[in-house]
Amino acid sequence: MSGKRFAEIIAAVTMACQAAVAAPELVCDPPDFVLDDGECRVVALDRAAASVTVSLAVDFPRKALSGRSASAALTFMDSVGRRLYEASLSIDEDPSLAGFGERALRLSVDSVTPAAERVRLLDFYRGKDANIAGGVNCLSATIGNGTGRFSVGGNAMALAGEVPMGAVVASVGLTTGARMEIRRFAVTEEADPAELYMTPWTVETLTERFASSSDPVEGFWSFLDRDNDPEWAIPGGFYELAIVKSGAAPLPETSSESSASLASYDIIYLSGATVEGRSWIPGMRKGAMTPTIFADHYKLSWIDARFQTDYPECTADLSASNTILTLRFPLHRSQLRFSRRPLSRK
């Protein structure tokens with residue numbers, strides 16, 4: 001296999017099954033190593049992670065294919081090391097071609113009960129684009145949101161399927177059924193967006209603060225309308241937001257507050273998300289507004305519906321009457337407008 005082709009396969013393994021949430025953090029990606037029969041390599045995971053992806057590339061030796069099945073297995077374990085799930089990659093005879101002696105790349109995924117009994121969740125055979133005579137074969141596994149998603153392949157990756165995997169995984173182990181070279185064993189985690197972006201604010205504490213605040217920017221804001229090119233961007237929902245001074249306490253300060261024109265503000269999500277709606281919880285940070293030298297004009301930092309933050313040159317403008325807030329995304333040819341919700345003040 002050429003070096004270029006191998007690089008393409010590794011790239012495909014890395015990309016397979018990636019969830020679109022926060023940027024993944026690489027936990028483990030050692031250089032090539034050899035694993036002996038029965039030896040285990042274990043990687044600890046952050047149990048607060050929203051999803052975990054394992055990218056595995058194993059060089060199946062030709063001599064190991066004769067006489068017995070060669071295999072590489074990923075074991076997903078709980079916090080005390082008890083096996084929860086096992087995904088095994090092997091080269092076996094394809095039962096759909098029984099009698100012809102045709103081999104295929106096989107992925108079997110089992111759940112393991114507390115009594116160590118196995119329950120088969122997935123059995124998948126791949127003959128096309130697999131190196132069934134020996135060579136590098138790959139497995140990608142992602143666990144998150146109560147499901148496990150698996151892809152396998154040799155010269156190209158194919159989706160094997162999704163299975164329910166709701167137990168909390170604390171570590172993943174790699175074992176082989178023969179002496180094998182591991183060309184890649186990369187583990188990445190994606191953090192729970194609620195852990196990353198949750199603030200202490202609630203509707204109740206925001207209401208209490210706003211009732212006594214004289215800041216013209218602070219308050220509750222409701223989606224009003226939009227002006228967008230759908231080929232460049234679509235709204236993530238009809239948001240209800242709160243805007244509160246950065247670093248503010250739930251109750252108003254006893255000392256005189258700084259000028260609103262110099263204050264920075266946090267944008268807090270309350271409701272209305274339609275894209276990734278289940279991932280958004282009231283009180284999560286949706287963005288921030290930083291003052292500029294121009295009155296009622298702010299630099300805007302924005303967290304979109306899928307938790308991407310690459311939105312340069314964005315701005316926010318407050319109308320002269322302090323009733324309309326316009327969020328502008330020029331590189332995405334879009335803008336959103338919000339209207340202030342009336343609030344009785346003490």
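Distance between the 7 Å Cα→Cβ label points at SER222 and GLU25: 3.9 nm. Most tightly packed first, judged by the mean number of other beta-carbon atoms within 10 Å of their residues, the peptides 226-232, 141-147, 311-317 read 141-147, 311-317, 226-232. Taken as Cα centroids, the stretch 287-346 and the stretch 163-179 sit 45 Å apart, rounded to the nearest whole angstrom. Name the long-range amide H neighbours of TYR239: under 5 Å, sequence gap of 5 or more, or other chain; modelled H, no Pro or chain starts. Placed amide hydrogens put PHE223 under 5 Å from TYR239. Identify the residues of the stretch 206-231 with backbone N under 19 Å of a label point that sits 7 angstrom from the Cα of VAL275 along the Cα-to-Cβ direction, or state none. Taking a point 7 Å out along Cα→Cβ of VAL275, the residues of the stretch 206-231 whose backbone N falls under 19 Å are 223-231. Simple spin-label estimate for ALA211 and ASN322 gives 1.9 nm between the two label positions (7 Å along the Cα-to-Cβ direction from each Cα). Full extension of the chain between LEU122 and SER246 yields a length gain of 39.7 nm, computed as 0.36 nm times the residue separation minus the alpha carbon distance.
Amide H contacts of ARG183: ALA57, VAL58, ASP59, each under 5 Å away and 5 or more positions distant or on a separate chain (H built 1.01 Å from N in the peptide plane; Pro and chain starts excluded).
For LYS299, the aspartates and glutamates whose Cα comes closer than 17 Å to its Cα, not counting residues fewer than 8 places off in the same chain, are GLU218, ASP266, ASP310, GLU313, ASP317.
Each reported figure results from applying straightforward, stated rules to the coordinates on display, with no laboratory input. Only a predicted model underlies this, so the values are computations on that prediction, with no experimental measurement involved. All Cβ positions, glycine included, derive from the backbone under ideal geometry; neighbour counts span all protein chains shown.
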